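Quick notes on the structure that follows.
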Amino acid sequence: MSINFPLLLVIAVAVCGLLALIDLILLAPRRRAAIATYEGQVGEPDIAVIERLNKEPMLVEYGKSFFPVLAIVLVLRSFLVEPFQIPSGSMKPTLEVGDFILVNKFAYGIRLPVIDTKVIEVGDPQRGDVMVFRYPSDPNINYIKRVIGLPGDTVRYTTDKRLFINGQSVAETMLGEEPGSLGTTVLYKEKLGAVEHQIRKEMGRYRIEPGREWKVPAEHYFMMGDNRDNSNDSRYWNDPKIPKQLLGMVPDRNIVGKAFAVWLSWPDPKLRSVPNFSRVGVIH
């Protein structure tokens, strides 16, 4: 069972805010009136009694204490920056399992939390961006891949593992074998638009059908992992509930944000080891 953390956060802020508002409008005036009545009935008011009369209900006290903290977290997480942890190796060598990344939430527009409706246009994804999005077949799951095809593009990935966009071969340069791969894995430098990054290919492993080609519809994006032979991405998604012409495409409404930095790497899922800071840096 997946937990909708943004929804829980919005509910928590709303409940705490409502408690604070009820106290401001209803309960606090009653406390002040009770104190005034007591002070008018006695000649020498007892400080302990006044403190007791002025004491907030425990629920209100907690609500007012948590409200500013939760509200700040909601604003930061919903509109500015959200942290994620990389769960798989689909983006190797750019991102490793256990990398903690930061995602710019406003790079592609300001969206309302939970309903994810875009209210302010800021920018659009660019070819080569590393983007977090909600998996089209299950929006409760976040994916991270690289933007390959923009709206209107034609993408082709051949059996010899070459990428073509609008009929043009994407430039790549072989860097050599991946350390420890025994010659089975080769690293390449690829250039998508203005972005240069490394990709990983496994020799002798083929998953793609011959002649596969995709036309990217309006307001959709075609995504691929940098670990080209170990990535569940636009090339392979198959969902009978999604129209054939949209299979493999990420709709604009599913965009979460642009990944821009690694701030910590902690490969051990149980966090028993020491975190690694050597991978801290900007994501290309």
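Any read-out appearing in this document is the output of simple, stated calculations on the displayed coordinates, not a laboratory observation. What you see is a predicted model, and the numbers here were worked out from it, not measured in a lab. With ideal geometry, Cβ positions are generated from the backbone for all residues, glycine too; neighbour counts draw on all protein chains shown.
For this structure, a couple of remarks:
- Stretchable slack from residue 81 to residue 156, in nm (0.36 nm times residue separation minus alpha-carbon distance): 23.7 nm
- Virtual spin-label span in nm between residue 49 and residue 32, 7 Å along Cα→Cβ: 2.2 nm
- Cross-link partners for residue 189 among the lysines, with Cα-Cα distance under 24 Å and sequence neighbours closer than 8 places in the same chain left out: 92, 145, 161, 201, 258.
- For the chain, the relative contact order works out to 19 percent when only alpha carbon pairs closer than 8 Å and six or more residues apart are counted.
- Mean Cβ count within 10 Å, highest first, over the residues of peptides 189-199, 35-45: 189-199, 35-45
- Over all Cα atoms in the chain, the spread is summed up by Rg and Dmax: 26.3, 95 Å.
- Reachable aspartates and glutamates, given that their alpha-carbon falls under 15 Å from the alpha-carbon of residue 55 and they are not under 8 places away in the same chain: 23, 46
- Working note: 222 nm ellipticity from helices only, DSSP H runs with n ≥ 4, each -39,500 (n - 2.57), summed and divided by the residues of the chain, gives -6500 deg cm²/dmol to the nearest 500.
- Paramagnetic reach from residue 106 (point 7 Å along Cα→Cβ, amide N under 14 Å) across the range 248-267: 258
- Exposure proxy shown here: for 226, 160, 239, 233, the number of other Cβ atoms within 10 Å sets the order, fewest to most, as 160, 239, 233, 226.
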